[in-house]
Amino acid sequence: MSENRPEWQSGGDPAAANDGASDSGQYAPPPSAPSAYPGSQQETGNTAYPSYGQQPEVPAYGQQPAYPGAGQDAPAYGQQPGYLAYGQDAYPQPRPNPGQAMGIAGLITSFFFSVVGLVLSIVGLNQSRKAGMGNTPAVIGIIVGGLGTLFTILFIIFMVAVVAAESGSSY
């Protein structure tokens, strides 16, 4: 019955002495690994992945496995890498600027009521500065409100001068 076995099976020829292999009908151990192909792991010395027939090295409990990227931080327990946990935002939210609304209100108001817009813009800018932030609308509101107040004062002075000149020359 052993005559019908292929050459790679143990017990292929009962008359030949073959390394003490028994005629148990079991397969022989695999032949030695062939020479490495060009660019293969054996030639380059890359031991990150085991070759054919080798068992991968299993790290001891608590040690990091030896695979590419092993030095990276592992995600938290129960969280898949690349995904955020429930309730986490994908992008950090910017801090709110406490004086932004007051600065915008001051800018708009400074076009109609210069003094009120100037005061609102100054208050909004001070709130933003205390929070360590800038407030462009408040700065523009201060400029527009200041110029409007200046022109209003100059207009009032001019009108008083005109009225005083008119009243003094009528006699």
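Of all the criteria given as (1) under 12 Å from Q100 (Cα atoms); (2) loosely packed, with under 15 Cβ neighbours inside 10 Å, the one not satisfied by L147 is (1). Working only within the stretch 107-163, note down all residues that are outside any helix (DSSP H, G or I) and either more than 41 Å from the chain's Cα centre (by Cα) or in contact (Cβ under 8 Å) with a residue 24 or more places away in the chain (or both). F111, F112, F113, A131, M133, N135, listed by residue number.
For the condition open to solvent by 70 Å² or more (accessible area, probe 1.4 Å), of a type in the set (G, A, S) and over 13 Å from G148 (Cβ atoms), A131 does not qualify. Here's a check for you: in the stretch 81-106, which residue that is of a type in the set (S, T, N, Q) and in a loop (DSSP other than H, G, I, E, B) is farthest from G141 (Cα to Cα)? Once the filter is applied, the top-ranked residue is Q88. One residue stands out in the stretch 92-111 among those that are open to solvent by 70 Å² or more (accessible area, probe 1.4 Å) and either at pLDDT 95 or above or aliphatic (A, V, I, L, M) (or both): the one that is farthest from L150 (Cα to Cα), namely A101.
The values are calculated or read from the model by the stated rules, or taken from the named source; none is laboratory data. All values reported here derive from a predicted model rather than from experimental measurement. With ideal geometry, Cβ positions are generated from the backbone for all residues, glycine too; neighbour counts draw on all protein chains shown. These area figures cover heavy atoms from the full protein model, side chains too; ligands, DNA and RNA do not enter into them. Shrake-Rupley method; radii C 1.70, N 1.55, O 1.52, S 1.80 Å.
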